[in-house]
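None of the figures in this text is laboratory data; all of them are computed from the coordinates on show. Keep in mind that what you see is a predicted model, and the values were worked out from it rather than measured. So basically every Cβ, Gly included, is an ideal-geometry build from the backbone, and we count neighbours across all protein chains shown.
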Amino acid sequence: MSSYRLTEEQQALRQAARRFAQEVLSPRAMQVEREGSDFPSDILQQMAALGFLGLDIPQAYGGQGFDTLTSAVLLEEISGAWFSAASYAMTLATGPILAAGTEEQKRRYLPALCRGELVTAFALTEPTGGSDAASIQTFARRDGSDYVIDGTKFFITNGHRADVLVVFARTRKDAPRGQGISIFLVEKGTPGFSVGQRFRTMGHTANPIWELRFEGCRVPAANLVGDEGRGFGYLQRDFAKIRAVYGSRCVGVAQWAMDYALRYARERTAFGQPVASFQGVRFRVADILTKIEAARQLSYRAAVIADESLPEAPAAASMAKHFAADVCLEATAEAIQLMGGHGYTVDHPLERMFREVKLFQIGDGTSEALRILISRFANQAIANGKSAQLG
Ligand SMILES: Cc1cc2nc3c(=O)[nH]c(=O)nc-3n(C[C@H](O)[C@H](O)[C@H](O)COP(=O)(O)OP(=O)(O)OC[C@H]3O[C@@H](n4cnc5c(N)ncnc54)[C@H](O)[C@@H]3O)c2cc1C
């Protein structure tokens with residue numbers, strides 16, 4: 001299987017992404033995340049020029065048209081230096097447009113996004129909760145040739161600057177659970193749409209999260225994505241891809257943190273020898289590196305399974321994301337420990353990474369929600385007289 005030997009193209013992409021990550025992203029991440037400003041447009045332009053945006057978007061719409069494994073390899077490198085940057089390269093927001101959007105919707109948004117000229121936001125979570133997404137209350141009422149949207153969204157990344165928002169709203173109040181939810185494209189400046197409070201977060205300040213309000217927000221029916229009531233259906237395959245890749249993004253951060261700390265521990269001496277040479281240190285490092293590699297392989301495998309649209313794709317991706325998120329949290333804590341007091345200072349990037357990685361167990365599906373998906377897959381497999389293993 002390809003995850004055991006990456007192609008020459010995938011290896012070349014990894015090298016190019018690593019160079020960009022080291023030379024451009026890493027220093028800017030330190031500066032921008034510290035001052036709390038938005039993710040810089042000039043970096044988006046550079047990513048566009050290097051072909052690091054629209055990874056999963058077909059070339060016909062200006063993207064790279066990569067398979068999910070190739071995207072995962074590239075995003076591993078980008079994320080290591082700056083997790084926020086990878087969020088622009090492959091986003092949940094474009095999934096429904098690709099899956100069910102009209103030709104006009106695709107042409108209006110996708111090429112501009114791939115050129116780094118357009119920012120999207122994905123607006124699903126509401127004040128009443130994110131895990132139980134089927135219970136959203138935002139409602140879109142048909143009125144002649146328009147829909148009128150009313151409701152509130154919480155925690156929407158880049159909601160304040162997005163040129164177009166992918167908004168989930170109920171279109172039938174009496175529909176069975178999970179059905180009757182539709183997707184609408186709402187452009188910045190649409191009357192009835194406004195940005196509310198900013199939520200102050202532990203990290204990822206370059207991609208801030210916002211409250212969004214829809215009060216009699218009128219959009220033409222042409223802004224509906226796909227069929228009314230089938231919104232969640234358009235997300236499923238994409239969730240598997242995004243979560244598989246999320247696993248790789250966690251792996252990238254974990255590896256980056258350990259590499260950083262190991263370089264330090266080779267130079268730093270205690271009791272007359274390099275810190276890295278103590279057996280107590282070496283065994284712990286070996287354990288963490290083993291876990292990172294396990295998370296890497298799981299994520300690559302989930303990426304391949306997602307592209308093959310196998311029934312176990314959601315479970316595979318869930319395993320990858322929740323395992324890699326835990327490994328990443330452990331790895332960044334271990335990396336700081338390896339550097340002692342210096343690891344805890346803001347002179348090094350590890351304290352920022354430590355604050356950022358907690359999100360990985362929460363965003364794009366909490367670790368609990370992912371375990372529910374895995375156990376659902378296992379129950380089904382056993383009920384069908386099969387093994388609960390992948391593939
Ligand atoms: C930095 C950041 C960026 C975000 N960006 C976006 C975005 O761009 N768009 C968007 O739509 N949302 C976004 N979110 C929201 C995110 O997706 C939600 O926070 C997440 O889905 C969890 O929802 P919640 O916060 O409402 O927690 P809740 O759903 O209230 O859950 C609280 C806790 O209960 C657990 N729990 C819930 N149900 C169960 C169960 N059945 N069994 C066991 N445990 C359970 C959860 O796992 C969690 O630990 C973002 C959040 C953050 C922090």
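The charge dipole of region 234-383, taken about its Cα centre with unit charges on the Cβ of Lys, Arg, Asp and Glu (plus for the first two, minus for the last two), comes to roughly 60 debye.
The Cys residues in the chain with no partner Cys Cβ within less than 4.7 Å of their Cβ are 114, 217. Look at the dipole of the chain built from charges on Cβ: of 220, 254, 88, the Cα furthest out on the positive end belongs to 254. For the chain, the longest principal axis of the Cα atoms and the long axis of helix 8-20 meet at an angle of about 80 degrees. Please identify every one of the GluC sites (Glu not before Pro) in region 252-358 that sits in a loop by DSSP and has no more than 16 other beta carbons within 10 Å of its own beta carbon. Passing sites in region 252-358 are 308.
The radius of gyration of the Cα set in region 120-229, together with its Dmax, comes out at 13.4, 44 angstrom.
List the lysines whose Cα lies under 28 Å from the Cα of residue 153, skipping any in the same chain that are fewer than 8 positions away. Residue 153 reaches 106, 173, 188, 241, 321, 358.
With one equal scatterer per alpha carbon and no solvent term, the Debye-computed log10 I(q)/I(0) for the chain at 0.11, 0.13 1/Å reads -0.79, -1.10. Could you give the size of the charge dipole of the chain about its Cα centre, using +1 on the Cβ of each K and R and -1 on the Cβ of each D and E, expressed in debye and rounded to the nearest 20? Here the chain has a charge dipole of around 440 debye.
If each DSSP helix of 4+ residues adds -39,500 (n - 2.57) and the sum is divided by the residues in the chain, what number results at 222 nm, nearest 500 deg cm²/dmol? Estimated from H runs of four or more residues: -16000 deg cm²/dmol.
When the Cα positions of 235, 54, 162 are compared along the charge dipole of the chain, 235 comes out farthest toward the positive end, with charges on each C-beta of Lys, Arg, Asp and Glu. Modelled spin-label separation between residue 293 and residue 117, with each label point placed 7 Å from Cα along the Cα-to-Cβ direction: 4.6 nm. Relative to the dominant Cα principal axis of the chain, helix 26-35 is inclined by about 60°. Once the chymotrypsin sites (Phe, Trp or Tyr not before Pro) in DSSP loops with at most 16 neighbouring Cβ atoms within 10 Å are cut out of the chain, the longest remaining piece is 1-270.
P(r) tail, region 1-61: Cα-Cα pairs separated by more than 18 Å, 50% of all pairs.
Within region 2-114, the proportion of Cα pairs with more than 23 Å between them is 31 percent. Picking from 44, 13, 310, which is most flexible by a Gaussian network model of the chain using Cα springs under 10 Å? It is 310. The trypsin sites (Lys or Arg not before Pro) of region 58-132 that meet both conditions, a loop assignment by DSSP and at most 15 other Cβ atoms within 10 Å of the site Cβ, are 115. Model label sites at residue 34 and residue 146, defined 7 Å from Cα along the beta-carbon direction, differ in position by 4.8 nm. The share of alpha-carbon pairs in region 106-181 lying farther apart than 18 Å comes to 49%. Derived from the Cα gyration tensor, the three semi-axes of the equivalent ellipsoid of region 234-383 are 34, 15, 12 Å, largest first.
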